[in-house]
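Structure, as structure tokens:
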Amino acid sequence: MTTVDTGAWIRSNRLGTRMLAIRPEQLSVFEDAVRPTLVAEATQRLAVRHGRYFAALGPAVVRAVVEHGMRRAEQLGAGTEWGIDAVTELVLILGAGFDRDPLLPWVGEFFASAPSGPAAGELPLLSGLVSRYVEETAGPHGVAMRLALQRLASFEWGAWSVPPMQRRGDAIGPVLAALYPEKVSALDRRGLLGTLLRAGEATATRHGLTDDRGSLLCVVLTLVLGAHFDDDPQFPWARGFTTTAALLDDAYGFLQRVVAAVEA
């Protein structure tokens, strides 16, 4: 984790214009002391747009997400106040693995084109691309996503099975299209449906889920939450699952909290 930006923030925002000689070990102490304040301030700013979602996540998870966004912003050379907010929004909207998600190749290409890190003037361009993608997949004002979450929360997982003589992937496809047609169509236009299936099934295999419902669940969560949902601070319940039943219970609880928060 780089500390240059945090140190610069300390000097410019908390120490005024006085000339001070700060040794590296002293700067580290200052950073540790001021970081909770930075996290709290960023949380307040982001809550203006994401307050209902934050209510569903809970304070501890929100703090972990903002801390993660701050670290990623620093790693990407965007450790300013605006940069922290912008990168944390990417985490919230696209998932913690936004720059390495195989379903979001255009994000990875954006960062690859700026190997030294995105300049402050470049992040608005990415934000514009994200806004258009969200409009395409979540619909105006997020209506399509809210409907998808409602369908997920009411889907009868126990009643689903792969029909005889049909491949698992062929059986999963229609379920995805029924649950979240807008996003499935967007991925299909980009030729990424096969990538979605492979990413979800790889997650299921990584956690030892070999049953059909486990594969379906991981593919669905990959579609909705991102390809790295099991390593995302937004979803701590998805990190250590070992059974389909456990993952389903935790995912169902999460979806119910989000739906309730959005509809409040």
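The values are calculated or read from the model by the stated rules, or taken from the named source; none is laboratory data. These numbers were taken from a predicted model, which means no experiment stands behind them. Every residue, glycine as well, gets a Cβ built from its backbone with ideal geometry; the counts of neighbours run over all protein chains shown.
Scanning region 87-116 for residues that are closer than 27 Å to Ala47 by Cβ, among the hydrophobic types (A, V, I, L, M, F, W, C) and in a loop (DSSP other than H, G, I, E, B) yields a count of 3. Considering the conditions (1) within 22 Å of Phe98 (Cβ to Cβ); (2) touching a helix residue (DSSP H, G or I) at 6+ places or on another chain (Cβ under 7 Å); (3) not basic (Lys, Arg), Val175 is excluded by exactly one of them, (1).
Just one of the listed residues (Gly173, Gly191, Gly169) is surrounded by fewer than 20 Cβ atoms within 10 Å (Cβ to Cβ), outside any helix (DSSP H, G or I) and out of contact with any Ser or Thr (no Cβ under 6 Å at 6 or more places or on another chain), and it is Gly191. The residues of region 69-83 that are modelled with pLDDT of 90 or more and under 11 Å from Ala42 (Cα atoms), listed by number, are Gly69, Met70.
For region 231-256, a residue qualifies if it is surrounded by 14 or more Cβ atoms within 10 Å (Cβ to Cβ), of a type outside the set (Phe, Trp, Tyr) and in contact with a Leu (Cβ under 8 Å, 6 or more places away or on another chain), and the qualifying residues are Asp232, Gln234, Ala238, Thr244, Leu247, Leu248, Ala251, Leu255. The condition of being touching a residue at least 60 places away in the same chain (Cβ under 8 Å), in a helix (DSSP H, G or I) and crowded, with 19+ Cβ neighbours inside 10 Å holds for Val65.
Among the residues of region 73-89, is there at least one that is buried (at least 21 other Cβ atoms within 10 Å of the Cβ), under 30 Å from Ala112 (Cα atoms), touching a helix residue (DSSP H, G or I) at 6+ places or on another chain (Cβ under 6 Å) and polar (S, T, N, Q)? Yes, region 73-89 contains a residue that is buried (at least 21 other Cβ atoms within 10 Å of the Cβ), under 30 Å from Ala112 (Cα atoms), touching a helix residue (DSSP H, G or I) at 6+ places or on another chain (Cβ under 6 Å) and polar (S, T, N, Q).
Here is a yes/no grid of residues against (1) over 24 Å from Arg72 (Cβ atoms); (2) touching a residue at least 24 places away in the same chain (Cβ under 8 Å):
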site: Ser185; (1), (2): yes, no
site: Leu193; (1), (2): yes, no
site: Thr222; (1), (2): no, yes
site: Gln234; (1), (2): no, yes
site: Thr244; (1), (2): yes, yes
site: Gln256; (1), (2): yes, yes
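Does Glu156 fit the bill of being without any contact (Cβ under 8 Å) to a residue 40 or more places away in the chain and closer than 30 Å to Ala264 by Cβ?
On the way: without any contact (Cβ under 8 Å) to a residue 40 or more places away in the chain: yes; closer than 30 Å to Ala264 by Cβ: yes.
So Glu156 fits the description; yes.
Determine whether Asp188 is at pLDDT 95 or above and either among the hydroxyl-bearing types (Ser, Thr, Tyr) or under 24 Å from Val258 (Cα atoms) (or both). Working first, answer last.
Numbers: at pLDDT 95 or above: yes; either among the hydroxyl-bearing types (Ser, Thr, Tyr) or under 24 Å from Val258 (Cα atoms) (or both): no.
No.
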